[in-house]
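Working notes for the structure below.
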């Protein structure tokens, strides 16, 4: 009966590595986003713009497709087994 009250160690380990992966992904995403925004603002200032120009729709779509490609490659890394 006491075993019902204690969490299974396998479930705890699964939750532990998943939490680390989520936190690492969030931190990397935050860092990449901040660096990208910094460089975007910096280049706009260096070109003499008071405010950054609006990103054209086609450029935003190209960027979105590129990001989806990166996400796909990361997903493929998770699918590989001990190569």
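The values are calculated or read from the model by the stated rules, or taken from the named source; none is laboratory data. Small disclaimer: the values here were computed from a predicted structure and weren't measured. Methodologically, a virtual Cβ is constructed for each residue, glycine included, from the backbone with ideal geometry; neighbour enumeration extends over all protein chains shown.
Descriptive notes on the structure:
- Close Cβ contacts (under 7 Å, 6 or more residues apart or on different chains) running from residues in the range 42-59 that are touching a residue at least 40 places away in the same chain (Cβ under 8 Å) to residues that are outside any loop (DSSP other than H, G, I, E, B) and surrounded by 10 or more Cβ atoms within 10 Å (Cβ to Cβ) are absent.
- Single unsatisfied condition, residue 44 versus (1) assigned to a helix (DSSP H, G or I); (2) modelled with pLDDT of 85 or more; (3) surrounded by 10 or more Cβ atoms within 10 Å (Cβ to Cβ); (4) under 22 Å from the mean Cα position of the chain (by Cα): (4)
- Hey, residue 29 at positive phi and either touching a helix residue (DSSP H, G or I) at 6+ places or on another chain (Cβ under 7 Å) or without any contact (Cβ under 8 Å) to a residue 24 or more places away in the chain (or both) or not: no
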